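Here's the structure, in structure tokens; my notes come after.
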Amino acid sequence: MDRRKLLIGAAVAAVLLGSLWTVAIGASRGELDAIDLWSLPWALLPLVFAAAGARILWERPRNPIGRLLLLPAFSMVTDTPVNVRLGSIDPVRDQLDPALFLTLMIDNISWLFLIFPIFHLLLVFPTGRLLSPRWRPAVALELVMIGTLTGLFVAAERVGPLSDDGSIVGPWTMPNPIGFVDPAIFESRWFSIGWPSGLVVLVVVTVAAIAIRYRRSGEIERHQIKWLFAAAGMFGLVYIGLFGLDADGETGWSAAVLGLSIDLIPVAVLVALLRYRLFDIDRLISRTVGYALVAALVAAIYTGSV
């Protein structure tokens, strides 16, 4: 077995161990029921991303999409060990050391490796290449946004964990020996406007890229893109539907359905790139639309009756 295959196996094993650790930590804290089927799709999410990414790397080693799917998997499995480490910190007594600094950095920026690989995947799907050099500014914007947030964290005068609402300035902070930037910059006007604006631009550009690629591509690429459209559309329908049935979308069957719809995205990417029964997608889409209309009608009747 060559080095590439060993690395692929090691990556999947690392994600698997991270997922098992998450389950073990939850069980030790009494946070898991004996059998919690509702949380199963979310527990499987990093494994599904990792398995799809590894299989693509195995079959299409030069296509970066496999690596792009592995990055969110690693990002998801870091949550539990990071939270366990930060939960043991006493900010009054403990001091910032390199290990704690790295833990805080992962806590603050790991989500970047959850969303930006998805942005880039849309730019290069399914060939693994940009449509043309004209799309390089979009890649530059991705790198600038990742570098900006990472640089601001490293240079901040005080660092701490993310707060529960996701804001950068967390519940406690520690002085950063190498920092010189006021943490209030994260709440400044230029950041609160500039960062969301950058995300909006990326959303528009990536959607435009996949739409233009669909118009210009041949029959095979169009069917590959349809698989991605079908999975993304299913996620959109589920996500929007949950607001009508369960405003929280975080408990019970609604959370399970939402997690399952996210699981379908890497599976669709895998099927599209390996071209497995590719041309069945038209029949699948037509049936999905039919089922979605029926589900929407049932949801509307249920919501209206409530």
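Residues considered: Ile106, Ile8. Of these, the only one that is β-branched (Val, Ile, Thr), part of a helix (DSSP H, G or I) and modelled with pLDDT of 90 or more is Ile106. Cβ-Cβ contacts under 8 Å between residues 6 or more apart (or on different chains), taken from a first residue in the range 131-145 that is part of a helix (DSSP H, G or I) to a second residue that is among the aromatic types (Phe, Trp, Tyr), are listed as Glu142/Phe116; Glu142/Phe119; Met145/Phe116; Met145/Trp195.
The residues of the range 27-41 that are surrounded by fewer than 16 Cβ atoms within 10 Å (Cβ to Cβ) and either modelled with pLDDT of 70 or more or small (Gly, Ala, Ser) (or both), listed by number, are Ala27, Ser28, Gly30, Ala34, Leu40.
Which of the following residues is among the aliphatic types (A, V, I, L, M), open to solvent by 50 Å² or more (accessible area, probe 1.4 Å), modelled with pLDDT under 90 and in contact with a Ser or Thr (Cβ under 6 Å, 6 or more places away or on another chain): Leu44, Leu114? Can you show your working first?
Numbers: Leu44 fails: in contact with a Ser or Thr (Cβ under 6 Å, 6 or more places away or on another chain).
Exactly one residue qualifies, and that residue is Leu114.
Remark: pairs (first residue in the range 146-162, free of Cβ contacts under 8 Å to residues at least 12 places away in the same chain and exposed (fewer than 14 other Cβ atoms within 10 Å of the Cβ); second residue not in a loop (DSSP other than H, G, I, E, B) and not hydroxyl-bearing (Ser, Thr, Tyr); Cβ separation under 9 Å; 6+ apart in sequence or on different chains) = Gly151/Val181.
The combined condition, being modelled with pLDDT under 80 and either assigned to a helix (DSSP H, G or I) or closer than 26 Å to Val82 by Cα (or both), is not fulfilled by Gly198.
The values are calculated or read from the model by the stated rules, or taken from the named source; none is laboratory data. A quick note: this is a predicted structure, and the numbers were derived from the prediction, not measured. Every residue, glycine among them, receives a Cβ derived from its backbone with ideal geometry; neighbour counts consider all protein chains shown. Protein only, heavy atoms only, side chains kept; ligands, DNA and RNA dropped before computing areas. Shrake-Rupley method; radii C 1.70, N 1.55, O 1.52, S 1.80 Å.
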